[in-house]
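Report on one structure; see the data block that follows.
What follows draws every value from the coordinates through simple rules; no lab data is involved. It should be emphasised that the depicted structure is a prediction, and the values quoted were computed from it without experimental measurement.
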Amino acid sequence: MRNLILTTFLILLSVTALGQGATNYPGSLDTTTTLPQASDFKITYLTSAASSGATTITVNSTASVPTSGVLQIDSELLSYTTSDSTHFTVTRAFTGTTAAAHTVFSTVHFPLVSAHVNGLRGAMLALEAKLGIGSSDAASAVTGQVLTKQSGGTTIWATPASGESPLTFNAPLTRSVNSISITQADTTHNGYLTSTDWSIFNGKQNALGYTPLNPANNLSDVASVPSARTNLGLGTAATKDVAASGNASSSQVVKGDDTRLSDARAPVTYTADGTVVTGAHIVTGGVGLSGGTGTLTFSGSAVFTSSTTYQCTGSNFSATNGFRIDKTSGSLITVTGTGSDVIVVICIGN
């Protein structure tokens, strides 16, 4: 009987101390801490003594009890928000009770206190104030209707006015419930560009400002063919044909095997004062010295008229030693130098 009277007193005390309870709603959603879970007929016991200031108590087991809530040891109420298999982390002297030391094997109860009821009461009152009053409920609503506030705090499920009709979207935009999305563009569908696609697009060449030539037209789309030839420096020869065989006509370009080119290929030789040397030709050859001297004999068309009608120069291909060239006649030169040097000679004249 004494225990029953004590328990009743504690429940009355908790109701007085907790008042209306505390709920997060409608400012934010409640949690298992603000709306603690109740536990019926759950009992465990201390496996270690707890001092009046202890914030962790050790019990035989926390199995099947809420993860947060209120527990009672002797005449003290303690609130807890965390636990493991054998411990509770507690706040002492809950709802005006007095923190006290508790001995090992003390019974731990999980009573239904006013915090449970008043928390739910506060949440329900806030929810009702949020929704309003009226006989209309979601079960009688049809697709597309919304909860609308009427005068006097009444709310009903109603179809939105014409100016508030649900939004619809055309491809590439799509809507799924309250989510709006856009597909990625590909070869057959419009959509958004990825950052990679944008980088490629942004790196494209700017507009040319003119129409480029089409390679498939083989230059037939050139605006002005004569101007193009002039700009390329081709002259009038670019428009003339080449003879298929034989010598070119007056309207054709002369090619390499034209018989009229044979005499025209002879080089023209001048003296220092600009006088043309008639019938001039060039002769080159090598002289290998023996004992510092050697000769080079001309024959056939290489022969010059006399020793005074041509000039010779040369290079020492063996060393940097000097050498001398003497024109003995129109068909013979003598080279004087060093040892067995090789001298390359070039002579020009008539």
Q. Under the rule of -39500 (n - 2.57) per DSSP H run of 4 or more residues, summed and divided by the residues of the chain, what mean residue ellipticity at 222 nm is obtained, to the nearest 500 deg cm²/dmol?
A. -5000 deg cm²/dmol
Q: List the pair-distance distribution P(r) of the chain, using every Cα-Cα distance, as the percent of pairs falling in each 20 Å bin from 0 up to the bin containing the longest distance, rounded to whole percents.
A: 15, 17, 16, 10, 8, 13, 18, 2, 0
Q: For Gly286, list long-range residues whose amide hydrogen, built 1.01 Å from N in the peptide plane, is under 5 Å from its own amide hydrogen.
A: Val345
Q | the range 221-244-the range 86-124 distance, computed between alpha-carbon centres (Å) | A | 106
Q: Report, largest value first, the span of the C-alpha coordinates of the range 257-315 along each principal axis, in whole Å.
A: 49, 33, 21
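If the convex hull of the alpha-carbon atoms of the range 149-304 is projected onto planes in all directions, what is the mean projected area in square nanometres?
Values: hull surface 125.3 nm².
Seen from a random direction, the Cα hull of the range 149-304 projects 31.3 nm² on average.
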Q. Using only Cα atoms, what Kirkwood radius does the range 158-229 have, in angstroms?
A. 17.9
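Given that compact globular proteins tend to follow 2.2 N^0.38 Å, what is the ratio of the alpha-carbon Rg of the range 197-237 to that value? Please list the in-between numbers first.
Details: Rg = 16.2 Å, N = 41, 2.2 N^0.38 = 9.0 Å.
After normalising by residue count via 2.2 N^0.38 Å, the value is 1.79.
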